[in-house]
Every structure is written in C-alpha cells, then in structure tokens.
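Below: the structure, in structure tokens.
The values are calculated or read from the model by the stated rules, or taken from the named source; none is laboratory data. In this text the structure is predicted, and so the values were computed from the model without any measurement. Heads up, the Cβs are rebuilt from the backbone with ideal geometry, glycines too, and the neighbour counts pull from every protein chain shown. All accessible areas refer to the heavy atoms of the entire protein, side chains included, with ligands and DNA or RNA removed. Shrake-Rupley method; radii C 1.70, N 1.55, O 1.52, S 1.80 Å.
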Amino acid sequence: MNEEIYLTGITTTGTPHIGNYVGAIRPGIAASKDPEKKNYYFLADFHALAKNEDPDKISRSTLEIAAAWMALGLDTGHATFYRQSDIPEITELTWVLTSMTAKGLMNRAHSYKASVQANLDSGNNDPDKGITMALYSYPILMAADILMFKSTKVPVGRDQKQHVEMARDIAQRFNHHYGDLFVLPEPVIDDHTAVLSGLDGRKMSKSYNNTIPLFAPEKALRKLIMKIKTNSLEPGEPKQTDGSTLFEIYKAFASREETDEVAKHYADGIAWGQMKQQLFEYINDHIKPARDEYERLVADPAMVEAELE
Ligand code: TRP
C-alpha cells in the first residue's frame, strides 16, 4: 500500500480555539509522530481573505495559530509546515480546478447556503448580499490545498466533511478528463469529538464568536468555562450527558474511562458549578505546559517566521 499523507489547514481568522485543537492540531501532531506517515500542515491565510477580514487580524492570527502548532509539539523536521500564500502553485492549481468544477456543486456548499439563508432570514431581498466570489469558491481553493500534495487523509471537524467530499468530486472529474493524476482524499473525523459546541451551545466557531481560546490565560479560561450554557436543573437532580456542552468538551479532552466516570456523576446529579470547575481544571492541566511555550513564541514572531520560511 502507498504511504499515507496527512494534510490539514486552519483558516487564520482568529485566535486558536479548542475546536481547532481537537479537530486539526491534535490529530495532526499525532500523525506527525508516526515516521510511516507524511504530513502537511498549513495556515490557510487565503481562505481567511474570503471572509473579508482585516489584514492585521489575519497576520496576528497566522502568528498565533503557527505558534499553537509549534508549542503543542509539531515536529517541523518531519512535517511540512507552511503558510498557504507562500506557495503560489496552490492558487494556480485553484484556477485549473475552477475550470473543472460544476457551478452546481458550489451551489450546494453548506457554508454558502448558510450565508444565503441568513440573508433571507433577515428579510434581505438580495440573497447574495455580502457574499464574495471567494466565499462561493472557497471549496475549490480547499480542493487545491488537498490535491496539491496528493494527500490521502484530511483531519477536520465534521463541518468540513462536505468540503473534503467536494475535493474528491473535483479530483474525479479532473482524472476522468486528463488521466489519473490526483489521489482521492478521505476526511478523518474523530467520532468522539466531531461536533464541539461553543459557549452558547451552538457549534464552536469563530463566526459565532462563541469559542474558547486554547491558550486563554488561566483566569480567563476559568471565566469562559463558567459561562458555558447549561439547563436549570438543581444539584442532586440527575442530568443528561446528551446535549450537554460541558460534557462534550470534557469528552473531547479526556480518556474514555474518565468520560465514563463523569457520565456517572451526571446520573448522580452533579451540580453544574462543580462540573464547570472540574472541566476547567482538566483543560488547564492539559494545556498548561504548552501555554508557556506558546506565549514565548507569540512574543518572538521572527522565530515563528523562520520556521515557516
Ligand atoms: N476550511 C478549513 C476550516 O475553516 C480550513 C482549510 C483550508 C482546510 N484548506 C484546507 C482544512 C484543507 C483541511 C484541508 O477549518
């Protein structure tokens, strides 16, 4: 069998959050420790442009996300670690793939459809208001990212699954016309953690502003966790783990045994305040060693830049 090639990217539109960690960074770093696997990890700064972010924010985010990968132990000697915009061939390939992509395929993209729906819901009579061509074609750039390096495995959160499937569709169409050049990638989605909710119970996303930054200082982290939405059940009343954001996040970090243990506490009626404290302590202990290194790197952009160069 051919060697597995792992590849994933994170859009540089904000501070790295725990969703980025469990969806992309953690599985990526795990794969990078396996000498049998080839690895490509990158900062999707051209994808960030599609969301019309301001340049200072994009470069700050690029620094922070790069520092996060490095602080958490990415072996950049073994993995190829880069900034998307530093490789002009990716955007060249995007155009070639754009010529092979049915417009109808892009019409079906969840992210585009969600923007249209938001316009309709707010009573706008232009369903495409505020939608750039970059947002519309976003999945084609992502297909170029993936197909460029013939990657076989793409660790992502469940919200990105459709994009990886689109990359497959586009590759198949290209191969059909021009011969077998591209490898069909597969998404790697950890069922344990695939849908992480944010502070308000909706999907954790920079677009909803409900994320928990991975390297929030201890006090800020505690404060954010205390804000996570729960229901109004009293201490002593049995609680459901299903649909509990606190539980989901705990599960994304903890081992199976630890998670089973917490499920028992739920059934026994653990108080929400106590569960929040426990979650805070768990994440804080887990992240603490990397946090110092992260802060050091963010304060030394030249060091991060050298690594990307
Ligand atoms: N769209 C992804 C996100 O927002 C980031 C991304 C860009 C990506 N290109 C990719 C992920 C290629 C995996 C593979 O999370």
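Applying the set (1) open to solvent by less than 60 Å² (accessible area, probe 1.4 Å); (2) within 13 Å of the ligand (Cβ to nearest atom); (3) under 19 Å from the mean Cα position of the chain (by Cα) to L199 leaves exactly one unmet item: (2). What about K161, is it open to solvent by 80 Å² or more (accessible area, probe 1.4 Å) and within 11 Å of the ligand (Cβ to nearest atom)? Yes; evaluated as a whole, the condition is true for this residue. The listed residues are P213, P217, P235, P301, and the only one of them that is farther than 25 Å from W69 by Cβ and either touching a helix residue (DSSP H, G or I) at 6+ places or on another chain (Cβ under 9 Å) or of a type in the set (A, V, I, L, M) (or both) turns out to be P235.
Which condition does Y21 not pass, out of (1) within 12 Å of L72 (Cα to Cα); (2) surrounded by fewer than 23 Cβ atoms within 10 Å (Cβ to Cβ); (3) aromatic (F, W, Y), if it passes all the others? If we test Y21 against (1) within 12 Å of L72 (Cα to Cα); (2) surrounded by fewer than 23 Cβ atoms within 10 Å (Cβ to Cβ); (3) aromatic (F, W, Y), just (2) comes out false. Being away from the ligand (no atom under 12 Å from the Cβ), under 25 Å from H17 (Cα atoms), among the small types (G, A, S) and modelled with pLDDT of 90 or more is a property that A194 lacks. Selection of segment 1-54 for residues being touching a Phe, Trp or Tyr at 6+ places or on another chain (Cβ under 7 Å) and modelled with pLDDT under 90 yields only A50.
G77 passes every criterion in (1) buried (at least 16 other Cβ atoms within 10 Å of the Cβ); (2) under 13 Å from L308 (Cα atoms); (3) at pLDDT below 95 apart from (1).
If only residues of segment 140-155 that are farther than 17 Å from F46 by Cβ and assigned to a loop (DSSP other than H, G, I, E, B) are counted, the one that is nearest to the ligand (Cβ to nearest atom) is S151. Taking helices (runs of 4 or more DSSP H) as the structural unit, those lying wholly within segment 215-309 and holding at least 3 residues that are of a type in the set (D, E, K, R), surrounded by 13 or more Cβ atoms within 10 Å (Cβ to Cβ) and under 24 Å from the mean Cα position of the chain (by Cα) correspond to 272-298. For D169, work out the one condition from (1) away from the ligand (no atom under 12 Å from the Cβ); (2) surrounded by 21 or more Cβ atoms within 10 Å (Cβ to Cβ); (3) closer than 18 Å to H110 by Cα it doesn't fulfil. Failed condition: (2).
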